[in-house]
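Here's the structure, in structure tokens; my notes come after.
The values are calculated or read from the model by the stated rules, or taken from the named source; none is laboratory data. These numbers come from a predicted model, not from an experiment. FYI the Cβ positions are ideal-geometry reconstructions off the backbone, even for glycines, and counts take in every protein chain you see. Just so you know, the surface numbers come from the protein's heavy atoms only, side chains and all, with ligands and any DNA or RNA stripped out. Shrake-Rupley method; radii C 1.70, N 1.55, O 1.52, S 1.80 Å.
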Amino acid sequence: MRSVASLLRAASGRLALGALLGLVLFVAETAWLLKAGVVGVDIPLDGPYAALAAAVRPLLPGVVLRVAAVYLVAGGLLGLAGAVLALAWTRRGGWRAAGATVLHWGALFVFWAWDRALARPALFDDLPLLRPVLAWLVDHGEPWHCLLYTFPSPRNA
């Protein structure tokens, strides 16, 4: 049996890849939001907004760096978790078990996003590419659809 340190050394590439993918996701999401104009970047900064803009502008680089750091850390941790799951499943079940695990987690994520879109549609206003899909989900979704996945909803607690 391998030690935890040797497992971490073996998974360090996945950790780095996950961090890189997290950073790429941050850059892509930021570019999409700026291009769509949904974050209020193009509001006029004269009049009453001038003082607000002057107060907020020095804080923006720090906020953006903190958000990017969260994406890096979360991506790295997800990459590490993926490496551990793949290691656990490929020992016995081979690639079919790993593929089934990925599909399972993907389905759980889709159902979770569906639940959140039904509960609070405004959370997804910043995703212009998904608006048609989310609008359809909100218009056609029923409360019983939340029973399709296994995570309890905070609304029911």
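Exposure check, 1.4 Å probe, all protein chains in place: L65 carries approximately 120 Å² of accessible surface. Sorting Y49, Y71 by solvent-accessible area of protein heavy atoms yields Y49, Y71, largest first, with a 1.4 Å probe. Maximal additional length on extending the D126-A97 stretch stands at 7.0 nm, based on 0.36 nm per residue less the C-alpha distance. Between the beta carbons of R57 and A31, assuming R0 = 22 Å, the FRET efficiency works out to 0.60 to the nearest 0.05.
What FRET efficiency comes out for R66 versus L21 if R0 is 25 angstrom and r is the Cβ-Cβ distance? Round to the nearest 0.05. Before the final figure, lay out the partial values.
Working: r = 19 Å, r/R0 = 0.75.
Calculated value: 0.85.
Taking 7 Å steps out from each Cα toward its Cβ at L77 and W105 produces label points 1.4 nm apart. When Lys and Arg each count +1 and Asp and Glu each count -1, what net charge do the other residues less than 13 Å away from L21, Cβ to Cβ, add up to? Here the charged neighbours net out to 0.
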